[in-house]
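A.B. asks: Below: one structure in structure tokens.
The values are calculated or read from the model by the stated rules, or taken from the named source; none is laboratory data. Only a predicted model underlies this, so the values are computations on that prediction, with no experimental measurement involved. Cβ atoms come from the backbone with ideal geometry, glycine included; neighbour counts cover every protein chain shown. Keep in mind that these areas ignore ligands, DNA and RNA; they rest on the heavy atoms of the full protein, side chains included. Shrake-Rupley method; radii C 1.70, N 1.55, O 1.52, S 1.80 Å.
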Amino acid sequence: MTEDGVNGLSLAEVARRLGVQPPSLYKYFPSLLAIYDALFLEGQRQHLEAMRAGMRGASPGLNALTAGLEASGRWLLANRAVGELLFWRPVPSFHPSPEAFAVSVEMVELQRGALADAVAKGELGPAANEESAIYLVSTMIAGVLSQAFANEPDLPWGEGRFTPMFATLMRLLPAAFQTDE
């Protein structure tokens, strides 16, 4: 997928690289979409763990959210092909199974928890507990990563024009969800 794009994956190529005949793959995966689903599930698990690991050492609230999202960005840049499958859906006919998608829901809940902690600490106003806060945070990180993928795909997090902008965007979050004070 890294070489030919996510949508360029084929059972024949997978079989060739494994040194088996394509029908042999059907013992493990009934279709190409099942391979995408397995990749989605494993990618989401690894991504969630990267986000959790990034949040572990940070204080609850905005620091944890920023650290988790930065860890997410680092992981996605290091795993671009799987990252595209997880967040950009380059295969129009692929829809993750409920089991695979459940890990994505868990990731969103982790972010919601960090936003709730930020509200409790007075770092963000109560509107940060609404669904729109998750949409804004998602748009911020996806925007940074989309620009990095498209324009500077070989640069690590923190280098170039786009990923360094993430810290600035996170500093703007309190203006979007002001406290009542």
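A.B. asks: What are the extents of the Cα atoms of the stretch 77-181 along their three principal axes, in Å, largest first?
C.D. replies: That works out to 46, 37, 18 Å along the principal axes.
A.B. asks: Also, quick follow-up: Kirkwood hydrodynamic radius, the chain, all distinct C-alpha pairs: what's the number in Å? Write down the numbers at each step before the final one.
C.D. replies: On the way: mean 1/r = 0.0567 Å⁻¹.
Kirkwood radius, the chain: 17.6 Å.
A.B. asks: How about the stretch 89-181: which trypsin sites (Lys or Arg not before Pro) there are in a DSSP loop, with at most 16 other Cβ atoms within 10 Å of their Cβ?
C.D. replies: Lys121, Arg161
A.B. asks: I've got another one for you. Taking R0 as 35 Å, what FRET efficiency do you get between Phe29 and Gln178 from their Cβ-Cβ distance, rounded to the nearest 0.05?
C.D. replies: 0.10
A.B. asks: Using only the alpha carbons, work out the radius of gyration and Dmax of the stretch 10-65 in angstrom.
C.D. replies: Rg then Dmax for the stretch 10-65, in Å: 17.7, 52.
A.B. asks: Provide the per residue accessible area, probe 1.4 Å, for the chain, rounded to a whole number of square angstrom.
C.D. replies: That works out to 53 Å² per residue.
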